Amino acid sequence: MPIPDYQSIMLPLLKFASDGQEHSLRETIEALADEFNLTVEEHSELLPSGQQAVFDNRVGWARTYLKKAGMLETTRRGYYRITERGQQILCQNPTKITTAFLRQFPEFVEFQKTTRSKLDETEDGENNETQTPEEVIEAAYQKLRKGLAVELLQMIKDRSPAFFERLVIDLLVRIWWHA
C-alpha cells in the first residue's frame, strides 16, 4: 500500500482521538502507520528535503487541518485531543474527511484564505491550470512560507511574555553578530 495522502489520514486520525484523551503526535503517527500497514521503508521514506518522513509530514498536516476546522484542539506542545465538534462529526459516521468537507466550517475557510497563495486560484475561484511547473513550484513554496509564518506566530503567541522577551534578545544578538 502506498503512503496515504493527508486527506486519507484525516478520518482515521479523528477516530484515533475519539477516546477523548490527550494524544501526542508521535504516538498518533505510530498508531496510524500500523493502521495503514506501512512497511518500514514506507514509514521511513523522507521528503525531498531529507528533513522529515513523508508519512509524519502528512499526519502533521492532517492534524493541522482538523485543528483549523475545530475538530481537534492543542492541549500543550505536541499534544492534542478531540473537541465536541470532532465527536459530533464522528457521530455522523462520515466515510471520508477531505478539505472540501472541512470547508463547511468558517474557521477552516478563514485559515485557507490566509494561507492560500494568489497563484493557486484565478479571480473566479477556479484552479488555474495554465501555470508552468516553475510557477506551480513557486506558488507551493510561497504557500508553505505563509503557513509556516502563521504557525510560528501562533506558537510565539501561546508562550509566556518571558519567552518572547528572550526570543527578541536572542534574535537581536544573532543579528548583531552576523551584521
Lysine pairs in the chain with Cα atoms under 20 Å, if 8 or more residues apart or on separate chains:
18
Using a Gaussian network model of the chain whose springs link C-alpha atoms within less than 10 Å, name the residue from 17, 69, 149 with the highest mean-square fluctuation.
149
By the DSSP-based rule, helices of the chain that are at least 30 Å long along the axis (C-alpha) and have a mean Kyte score of at least -0.5 are 133-157
Most packed first (mean Cβ within 10 Å per residue), the peptides 162-171, 94-103 order as 94-103, 162-171
If you build a Gaussian network model of the chain, linking Cα atoms that sit under 10 Å apart, which residue out of 159, 26, 58 swings the most?
159
Among 80, 141, 65, the residue with the largest mean-square fluctuation in a Gaussian network model of the chain built from Cα contacts under 10 Å is 141
Counting other C-beta atoms within 10 Å, which of 82, 3 has the fewest, and how do the rest follow?
3, 82
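Apply the a/c threshold of 1.5 to the C-alpha gyration tensor of region 1-115 and tell me whether it is rounded, prolate or oblate.
Judged from the Cα gyration tensor, region 1-115 comes out prolate (a/c at least 1.5, a/b above b/c).
Rule-based calculations on the coordinates, nothing more; no lab input. Bear in mind that the values here come from a model prediction, so they are computed numbers and not experimental data. No Cβ is skipped: glycine too gets one built from the backbone with ideal geometry, and neighbour counts run over all protein chains shown.
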